[in-house]
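The values are calculated or read from the model by the stated rules, or taken from the named source; none is laboratory data. Source: prediction; values computed, not measured. FYI the Cβ positions are ideal-geometry reconstructions off the backbone, even for glycines, and counts take in every protein chain you see.
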């Protein structure tokens, strides 16, 4: 329901509109002139103004419309007239009128127009709220998220960002591991020094040693001068080793020495050079499994994994999707010749129902495409690419290599159950009845499982199994 201002010099029309709108539950104010309307607009906010086009005095319907726009109000304006022409309609729409109706009109027509105008206004308000969330409390540096998992991650980043401790950042491709590394750097006491990022899978093995450790002139063919390696470049700052699982075993030994001794020896050199560098590493592999099959050194793994930051995939943080989508819309809509203000509710639901095997990176690509192709001010479902949520692979959650001493099957099953229940509770916004529906179980069964898994928290809205 909305606050509506009716402006018309005909008493019968004012009374007719007031009766119709009040029956619909709206709060209605009526005035008989444009001058009165402008005065009322300065005193109180309105969701919609319904104004006659032709009125006596200095301020007609166009004047009322211009007054709304000049005051930068979010109010939608509906023009009404008995003297419709294409020229006047076009003029009103160009000035920002929401719609244009010709007298006489049916009650259901005006009700439909009002309903649509209020829906548009609520969408605009929702998108403004999303922008405020993106710019405010739901981000750390360049990372965006309000889900419980991301808030827990933010809290841990704040706790460790100013330490020298090595950190292993894990997660699927596209989840934002480098963003987390940069947040650790910029939020901490090394933020003024250099952040040096190295993709261990992008540099050939025969060049990687020189890139990391540097070399002296004449150390090998082509070494025509001394070179300072990336580790020394990061002195007093942060060295970020992305895709650390791609590093060869030989280089793993030399990196381990750097972490233990805090010194670097250039290729071909004899002297050790002291360095003060914090090492952050990232991988989308399960390094414990790599250690088990001999592809990664056990001692280096434990040296890097003093603290692990595991970035959840996007499908486990569904509540973050609207925030991220709004952020990417703002980024990619900047500079376009047309205005794109946000998303329809149907489009947001569509985005929330997809599985995102490519994670945040895939979501950004979808939004960039939609912004490029959208015709209207709001992105709709038809502007989004068709995606089908892939069915989970039967062995997706099974370890590829079992440890020598085996696994605890009961604990593994409990961990799996915990993850499924947590995901349902997150998607349901913490409301237990909804979560039970997502899981296909009864409310009481969910309550039992929450208690069993140690996830039982006070939820007044969800305690009642009949809650909406």
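Applying the condition of being in contact (Cβ under 8 Å) with a residue 60 or more places away in the chain and surrounded by 19 or more Cβ atoms within 10 Å (Cβ to Cβ) to the range 14-25 and asking which residue is farthest from residue 80 (Cα to Cα) yields 21. For the range 346-377, give me each residue that is under 19 Å from residue 426 (Cβ atoms) and part of a helix (DSSP H, G or I). Matches in the range 346-377: 348, 349, 350, 351, 352, 359, 360, 363. Out of the range 268-285, which residues are assigned to a strand (DSSP E or B) and surrounded by fewer than 18 Cβ atoms within 10 Å (Cβ to Cβ)? Of everything in the range 268-285, those that are assigned to a strand (DSSP E or B) and surrounded by fewer than 18 Cβ atoms within 10 Å (Cβ to Cβ) turn out to be 273, 274. Only residues that are surrounded by fewer than 16 Cβ atoms within 10 Å (Cβ to Cβ) and either closer than 21 Å to residue 119 by Cα or not assigned by TED's automatic domain parsing to the domain that holds residue 65 (or both) were counted in the range 30-50, giving 2. Taking the listed residues 159, 164, the one that is surrounded by fewer than 16 Cβ atoms within 10 Å (Cβ to Cβ), without any contact (Cβ under 8 Å) to a residue 12 or more places away in the chain and either outside any loop (DSSP other than H, G, I, E, B) or touching a strand residue (DSSP E or B) at 6+ places or on another chain (Cβ under 8 Å) (or both) is 159, with no other qualifying. Here residue 349 clears all of (1) assigned by TED's automatic domain parsing to the domain that holds residue 367; (2) free of Cβ contacts under 8 Å to residues at least 24 places away in the same chain; (3) farther than 23 Å from residue 147 by Cβ except the condition numbered (3). Kindly indicate whether any position in the range 108-127 is at pLDDT below 80, assigned by TED's automatic domain parsing to the domain that holds residue 18 and either buried (at least 20 other Cβ atoms within 10 Å of the Cβ) or touching a helix residue (DSSP H, G or I) at 6+ places or on another chain (Cβ under 7 Å) (or both). Checked the range 108-127: at least one residue is at pLDDT below 80, assigned by TED's automatic domain parsing to the domain that holds residue 18 and either buried (at least 20 other Cβ atoms within 10 Å of the Cβ) or touching a helix residue (DSSP H, G or I) at 6+ places or on another chain (Cβ under 7 Å) (or both).
Residues in the range 51-66 that are within 41 Å of the chain's Cα centre (by Cα), crowded, with 21+ Cβ neighbours inside 10 Å and either farther than 14 Å from residue 14 by Cα or outside the structural domain of residue 92 (by TED's automatic domain parsing) (or both): 64, 65.
Screening residue 246 with (1) under 36 Å from the mean Cα position of the chain (by Cα); (2) under 18 Å from residue 165 (Cα atoms) gives one miss only, at (2).
Listed by position, the helices (runs of 4 or more DSSP H) inside the range 380-468 whose residues that are touching a helix residue (DSSP H, G or I) at 6+ places or on another chain (Cβ under 8 Å), at pLDDT below 80 and surrounded by 15 or more Cβ atoms within 10 Å (Cβ to Cβ) number at least 2 are 409-427.
So residue 294 fits all but one of (1) without any contact (Cβ under 8 Å) to a residue 24 or more places away in the chain; (2) surrounded by 16 or more Cβ atoms within 10 Å (Cβ to Cβ); what number is the exception? Exception for residue 294: condition (2).
If only residues of the range 87-102 that are within 17 Å of residue 54 (Cα to Cα) and at pLDDT 80 or above are counted, the one that is surrounded by the most Cβ atoms within 10 Å (Cβ to Cβ) is 97. Of these, 308, 326, which one is under 35 Å from the mean Cα position of the chain (by Cα), touching a residue at least 60 places away in the same chain (Cβ under 8 Å) and surrounded by fewer than 17 Cβ atoms within 10 Å (Cβ to Cβ)? Answer to the selection: 308.
Please tell me if residue 212 is crowded, with 17+ Cβ neighbours inside 10 Å and not in a loop (DSSP other than H, G, I, E, B). Yes: the conditions hold for residue 212.
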